[in-house]
1. VAL234 passes all but one of (1) open to solvent by 30 Å² or more (accessible area, probe 1.4 Å); (2) touching a residue at least 12 places away in the same chain (Cβ under 8 Å); which number fails?
2. Working only within region 316-330, note down all residues that are loosely packed, with under 14 Cβ neighbours inside 10 Å and either among the small types (Gly, Ala, Ser) or in contact with a Ser or Thr (Cβ under 6 Å, 6 or more places away or on another chain) (or both).
3. Give me the pairs, please: first residue somewhere in region 172-184 and farther than 13 Å from ARG105 by Cβ and touching a residue at least 12 places away in the same chain (Cβ under 8 Å), second residue anywhere and of a type in the set (D, E, K, R) and crowded, with 22+ Cβ neighbours inside 10 Å, beta-carbon distance under 8 Å, and either six or more positions apart or on two chains.
4. Is there a residue in region 217-225 that is open to solvent by less than 50 Å² (accessible area, probe 1.4 Å) and outside any helix (DSSP H, G or I)?
5. Tell me which of these ARG181 doesn't satisfy, since it passes every other one: (1) among the charged types (D, E, K, R); (2) more than 30 Å from PRO344 (Cα to Cα); (3) assigned to a helix (DSSP H, G or I).
6. For HIS403, indicate whether it is farther than 30 Å from ASP142 by Cβ and either in contact with a Pro (Cβ under 6 Å, 6 or more places away or on another chain) or at pLDDT 80 or above (or both).
7. When you go through ARG141, ARG102, ARG108 one by one, which is the residue that is under 23 Å from ARG210 (Cβ atoms), among the basic types (Lys, Arg) and part of a helix (DSSP H, G or I)?
8. Hey, does region 238-246 have a residue that's part of a loop (DSSP other than H, G, I, E, B), under 29 Å from ALA121 (Cα atoms) and either open to solvent by 30 Å² or more (accessible area, probe 1.4 Å) or modelled with pLDDT under 80 (or both)?
Amino acid sequence: MADHDLRSSDDAPLALHPLVYLEDGGEVTIGRQDTDSYAIFPPDGAELVRRLQEGATPAQAADWYEAEYGERADVTDVVEALYELGFVRAADEEPAAAEPVRWQRLGRAVFSRAAWICYGAITAWAVLRMLLEPGLVPTARDLLFSDYYAVINVVLLIVAVPLIAVHELFHALAGRRLGIRSRTRMSYRFYFLVVETSLDGLVAVERRKRYLPILAGMVADVVLISLLITVADVLGPDGGTALAGRVCLAVAFAAVIRLLWQFFLYLRTDVYVLITTALGCVDLHTTSVRLLRNRFNRLLGRTRLLVDEDAWHPVDRRVARWYSWLILAGYTISLSTFLLGLGPVFWQMITASLDRFGAGHRADWVLLLDSAVFLLLTFAQVGLALWIAVRERLRSRRSRLDHVIA
């Protein structure tokens, strides 16, 4: 830290809110649990903040730092950062107290030993039944469980909502059992709408305890897929329950696709978060994208567009050298999965729906109505994904402009 003249206000101690400290990988995360505001400090900077929280004035903290590390600390910059993070209390403000996190008891029950035994038994039984009866393995053809495509679309949409909700609920409960709050929002992944659960408070939890909240959604997906396959097996291929069994396999296939997306390693999937947590990365995705852009610009000889790689976090820079190629592979595999797996089925449904409106084709009004509703729902979903993508891009650009102006 550079030397800096202290102001007269540095003679007064700062009133700080209760803060949490977590040492991890040679860095210290400091934050407020009541607002989920966190920042990473070097060990010496974290010790300086501790001195300020213990009641030392900025001047006293600077003197301590100089005696401890042999150089003068720029305490003014540290104090300004604490204000920006919301760590400093106003003169008439009471110390913040984090509100009790709800559903902690439910979270502990959902991830208890008895619950894990049940999850394992359900999954093992479904795997055994698929080995004995290959027809129970969900495939794309299972999506065509009805001649009415709008019915297929509506059923998958309606059933997808509780499945996605359970996925996100498992994330939230795994975090809340540790006393971590959560927030949920809608976003998109490449060409599909997704729902994301934010667990910002995980950064203040020791690393080994973060893995379950990160993977909890995938655990829910595996259990739900196993349950759907088991129900389809019980209902059987014949009789009045045959259609219900086919619907279960169709929903299971859709859930399998969502589970596979987690391994595509593009954008910020659950597996991406797992990798960055295990390796101690800060913003691996952004670093990897910028590294790919630098490689592309070097290939084209556009050296003036290169970004300074020395400014990146050293761990991100080291991991991005190989992870950046996984981003390209992720896009390729994701697109291939759609084109080779879901694409043919959806193309068949779309072309068949359009054919019903063709000249000389005699379709009854029920099929015509079904086709119209199916096409409307299909393009509405695509339009909604594009709208969210454009909205987030504009919001990101506006944020960058506000930062430049500030």
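1. Unmet condition: (2).
2. Step one: filter region 316-330 for residues loosely packed, with under 14 Cβ neighbours inside 10 Å, giving 321-322, 328-329.
Residue satisfying the conditions is ALA329 alone.
3. From region 172-184, the pairs are SER182/ARG176.
4. Scanning region 217-225 turns up no residue that is open to solvent by less than 50 Å² (accessible area, probe 1.4 Å) and outside any helix (DSSP H, G or I).
5. Going through (1) among the charged types (D, E, K, R); (2) more than 30 Å from PRO344 (Cα to Cα); (3) assigned to a helix (DSSP H, G or I) one by one, ARG181 breaks only (3).
6. Working: farther than 30 Å from ASP142 by Cβ: yes; either in contact with a Pro (Cβ under 6 Å, 6 or more places away or on another chain) or at pLDDT 80 or above (or both): no.
Against the criterion (farther than 30 Å from ASP142 by Cβ and either in contact with a Pro (Cβ under 6 Å, 6 or more places away or on another chain) or at pLDDT 80 or above (or both)), HIS403 does not qualify.
7. Answer to the selection: ARG108.
8. Yes, region 238-246 has at least one match.
The values are calculated or read from the model by the stated rules, or taken from the named source; none is laboratory data. No experiment lies behind these values; they were computed from the predicted model shown. As a convention, Cβ positions derive from the backbone with ideal geometry for all residues, glycine included, and neighbour counts pool all protein chains shown. For accessibility, only protein heavy atoms count, side chains too; no ligands or nucleic acids. Shrake-Rupley method; radii C 1.70, N 1.55, O 1.52, S 1.80 Å.
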